[in-house]
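Just below is one structure, and these are the notes that go with it.
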Amino acid sequence: MNYKDLADLIFPNAKDIEYYEKKYPERSLPEDAIVTRFAPSPTGFVHIGGLMQCVINRHLADQTNGVFLLRIEDTDQKREIEDGVNQIVNSIKDFGIEFDEGMINETESKGNYGPYKQSDRKEIYESYAKYLIEQGRAYPCFATAEELEKMREKQESAKIRTGYYGVWATYRNLPVDEAIEKIKNGEKYIVRFKSMGNEERKIRHHDVIKGNIDFPENDQDIVIIKADGLPTYHFAHAVDDHLMRVTHVIRSDEWVSSIPLHLELFKALGFKVPKYCHYAPILKEEDGKKRKISKRKDPEAAVSYYHEEGIPQEAVCEYLMNIGNSSFELWRKTNPDEDMSKFKFELNKMSVSGAVFDIVKLLDVSKNVISKYSKERLYDEVLSWAKRYDKFLADLIQKDKDYSLKVFGIERQNVKPRKDISKWSDVKDAIIYMYDEEFLDKDISYDYAKISDKSEINKILTTYVEKYFNIEDDKQTWFDKIKDLSEELGYAREVKEYKKEPEKWPGHVGDVSTVLRVALTGRQNTPDMYEIMQVLGKESVLNRIKKAIK
Ligand code: GLU
């Protein structure tokens, strides 16, 4: 009896690995094309770090005419949730990111290198596990849970490394005949990799992001096929990334310590090692200290947060690019209007220690992104968000679409467009006063700032309506008239004049404007008042001033 008999007994129906090597040939792509993947477990939750990975992967694949695929890693079936794949696919799609290959919903996929869900790849793993057994590089292990537990206790009390390795790996040298006998007797087993490594020897590995790292060799005989017949992460990683012809394994640095094991697995399987790119976790600064952004403590760790808040996908992606490559910020400054896709991303410029996530900065990026939207685009984006998250706002802006477009158009054609909106959840507050039904019949608390005397305010408003207000005026005439009004009532015509001799006047043209602004909108700060009046129209302006005088 030899290894082949053992392999045939364990996996009688497994295909020869040549079959899969042919079925999934090398991809015909440009030499430097990057083939990369996002490989989440179907827990439904997408972490901001995962989204950053997707933004970067998508960008790199586009930049090099490569491929970005989605593989679902569902070999730990305890962690799965119903609809988990759909939720992942949709949350990534919400950010405008599409995969070239991979799962498109719970059951379907696209691409020629599938199946893209690990639980559908059982036969493939069996073939490669069988191959390793034939080569004497894998073996059945009959250790029971109790045996393993005892072993661990011994190792711990002797203060030595825990695990299944060296002399502790009891079943690695079990004669083939005995193993076959045990299997025939129905004894339970799992399949382990037989490591040839030695902990005392060092290897040097080059990680694209982290640079050279020295490790001790792997010597653990890890499980490759579990009792449920499914592979472990490590084994599936080697088989899948090889057969999907992945060139760059971009993954979180929690996997760095597995590199020696993965290198050994690739070698034993006869696979070419992909480039490893381990990125550091996204950090958050709290009380002057940095820590990993946490699913438990930080709402912004879940990508659903950005969607609910209505931070446009473009802004989130741009911000992630920003913290992904520090050179992005400078590039953006020199190329303010260029599409992000033109930026050349460099994996080796990713932060080794972890980029700090700053929501204030993100909102700032977002403000700039939104300021470049046309009123039509803004309207569409706000409406589609509002339909899902703010029914009131959706109704408000839909009632009279043409009017709403005018409202959204305020200060949008300007050289310096308005920047008071950084997320869709800001919009209601930024526009609600423009709607008569939400203003004329509502209680408005007028806070007039400097000029606060009621009769003085009424005098300003009345004089304005009687002598100076004409909706047809162009902007210059309109403004000159506010100056005339100020002068007539004893205020400084120009702010500059006032500043020279502030004791000479009770206030200046700006203070008079504020009175008008507060009367018209209930706010001291708004976008351009001329544009606001133009959009409101004559009747609404008069009604609002009348209401304020009352
Ligand atoms: N399923 C693994 C995880 O979510 C994938 C790691 C990898 O990208 O290889 O951590």
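Quick note: the coordinates plus some simple rules give every number you see, no bench work behind them. Nothing here was measured: the structure is a model prediction, and the numbers come from that model. Backbone-built Cβ (ideal geometry, glycine too); neighbour counts: all protein chains shown.
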Discussion item. Between the stretch 509-550 and the stretch 429-499, how far is it from one alpha carbon centroid to the other, in angstrom?
Written reply: 6 Å
Worksheet item: Using mean Cβ contacts within 10 Å as the protection proxy, how do 452-459, 314-321 order, highest first?
Response: 314-321, 452-459
Item to complete: Using a 10 Å cut-off on Cβ atoms, rank the peptides 67-73, 439-445, 535-541 from the highest mean neighbour count down.
Response: 67-73, 535-541, 439-445
Practice prompt. Please compute the Cα-Cα pair-distance distribution of the stretch 122-184 with 10 Å bins starting at 0, giving whole percents from short to long.
Written response: 19, 41, 31, 9, 0
Item to complete: Apply 1/(1 + (r/R0)^6) to the Cβ-Cβ distance of D8 and K267, taking R0 = 35 Å, and write down the FRET efficiency to the nearest 0.05.
Response: 0.90
Practice prompt. Please label the shape of the stretch 279-409 as rounded, prolate or oblate, based on the square roots a ≥ b ≥ c of the eigenvalues of the alpha-carbon gyration tensor (a/c under 1.5 means rounded; beyond that, a/b larger than b/c means prolate, else oblate).
Written response: oblate
Worksheet entry | Stretchable slack from D16 to A145, in nm (0.36 nm times residue separation minus alpha-carbon distance) | 43.2 nm
Worksheet item: For the Cα atoms of the chain, what angle does the longest principal axis make with the long axis of helix 454-463, in degrees from 0 to 90, nearest 10?
Response: 80 degrees
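Of the trypsin sites (Lys or Arg not before Pro) in the stretch 153-250, which ones lie in a loop per DSSP and count no more than 15 other C-beta atoms within 10 Å?
K159, R161, K188, R201, K226
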Practice prompt. Tell me the label-point distance for the pair D429, Q413, using the 7 Å Cα-to-Cβ offset, in nm and rounded to one decimal.
Written response: 3.0 nm
Worksheet, complete the sentence: With DSSP loop assignment and no more than 13 other C-beta atoms within 10 Å, the GluC sites (Glu not before Pro) in the stretch 184-279 are E187, E200
Item to complete: Using every Cα-Cα pair within the stretch 397-549, state what percent have a distance larger than 22 Å.
Response: 42 percent
Worksheet item: Based only on the alpha carbon positions, what is the Kirkwood hydrodynamic radius of the stretch 426-501, in angstrom?
Response: 14.9 Å
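With +1 on each Lys and Arg Cβ and -1 on each Asp and Glu Cβ, how big is the dipole of the chain about its Cα centre, in debye rounded to the nearest 20?
Rounded to the nearest 20 debye, it is 800 debye.
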Worksheet, complete the sentence: With DSSP loop assignment and no more than 13 other C-beta atoms within 10 Å, the GluC sites (Glu not before Pro) in the stretch 8-54 are E26, E31
Item to complete: Grab the eigenvalues of the alpha-carbon gyration tensor for the chain, scale each by 5, take roots, and send me the semi-axes largest first in whole angstrom.
Response: 68, 22, 21
Fill in: Shape category assigned to the stretch 178-334 from the gyration tensor of Cα positions, a/c cut at 1.5
prolate
Discussion item. Could you work out how much longer the chain between R161 and E106 gets when fully extended? Use 0.36 nm per residue separation minus the Cα distance between them, nm to one decimal.
Written reply: 15.7 nm
Practice prompt. May I ask you to list the residues of the stretch 131-158 whose amide nitrogen lies under 18 Å from a point 7 Å from Cα along the Cα→beta-carbon direction of E123?
Written response: 131
Fill in: Global form of the stretch 120-250, assessed from the alpha-carbon gyration tensor, a/c cut-off 1.5
oblate
Worksheet item: Which length gain, in nm to one decimal place, applies between H206 and N525 when the Cα-Cα distance is subtracted from 0.36 nm times their residue separation?
Response: 109.3 nm
Worksheet item: Where in the stretch 511-529 is the amide nitrogen less than 14 Å from a point lying 7 Å along the Cα-to-Cβ axis of D473?
Response: 512-514, 516-517, 529
Worksheet item: Hey, what's the Kirkwood Rh for the stretch 179-253 if you take every pair of different alpha carbons, in angstrom?
Response: 15.1 Å
